[in-house]
Amino acid sequence: MLVSGFMIPYSKVLKCQASTTVREALDLLVDWHVSCLVIVLDDKPTGIVTKTDMGRCYLNGISLDSEVGDIAPRTAGIKKIKSTEDRDAAAKFFERNKVHHALVVDEGDGEVGLISALDIVTEVAKDARAWPWNRHEDGKCHPIASR
């Protein structure tokens, strides 16, 4: 399965401005049951802020009235993966970069989606449940060809 087959389309990704307060970002994360927000400036992604970043804010005594743009430099930055990579390559990418979220880009480096480590785990679980069928790149199950 290619990343493009299980990513969250960019149009559905929750985004915030760098001027969004930590409190507002935390409210979005909790209310929408998501683990990250993409920080945008002039509709271009500049970073990703996660629930882990929110925990660090708490531990470091950062005010909830601070702006997420102020805490973004404390994050790992924005990692990008091509939509044409397969699921296993994406898992290796996450492991190598020690991140749980990545922006998905097309061949021209344009934003097309977002994936998380949970998305990869979900795909692995779907494959396990599909046996003895094969899941193809279209996400549909097909019988395994007999030999």
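The values are calculated or read from the model by the stated rules, or taken from the named source; none is laboratory data. Quick caveat, the model's predicted, so the values are computed rather than measured. All Cβ positions, glycine included, derive from the backbone under ideal geometry; neighbour counts span all protein chains shown. Just the protein is used for accessible areas: all its heavy atoms, side chains included, with ligands, DNA and RNA removed. Shrake-Rupley method; radii C 1.70, N 1.55, O 1.52, S 1.80 Å.
At an R0 of 35 angstrom, the distance between the Cβ atoms of ASP88 and ASP65 translates into a FRET efficiency of 0.25. Across SER83, SER4, the residue with the most accessible area heads the list, and the full order at a 1.4 Å probe is SER4, SER83. Annotation: amide H of GLN17 within the under-5 Å range of VAL40, sequence separation 5 or more or interchain, hydrogens built in the peptide plane. When nucleic acids and ligands are ignored and a 1.4 Å probe is applied, LEU37 ends up with an accessible area of around 0 Å². Between ARG56, ARG23, ARG96, find the one with the highest GNM mean-square fluctuation for the chain; connect C-alpha pairs within less than 10 Å. For the chain, modelled as a Gaussian network with Cα springs under 10 Å, the answer is ARG96. With distances taken between every two different alpha-carbon atoms, segment 52-132 has a Kirkwood hydrodynamic radius of 14.6 Å. Here the chain was treated as a single set of alpha-carbon atoms; its pair distances binned every 5 Å from 0 give 2, 10, 18, 19, 18, 13, 9, 6, 3, 2, 1, 0, 0 percent.
Close amide H pairs (under 5 Å, H built 1.01 Å from N) link LYS82 with VAL105, residues at least 5 positions away or on another chain.
Translational diffusion of segment 1-72, estimated by Stokes-Einstein from the Kirkwood radius over alpha carbon pairs at 4 °C in a medium of 1.567 mPa s, is 102 µm² per second. Relative to the longest principal axis of the Cα atoms of the chain, helix 87-97 runs at roughly 30 degrees.
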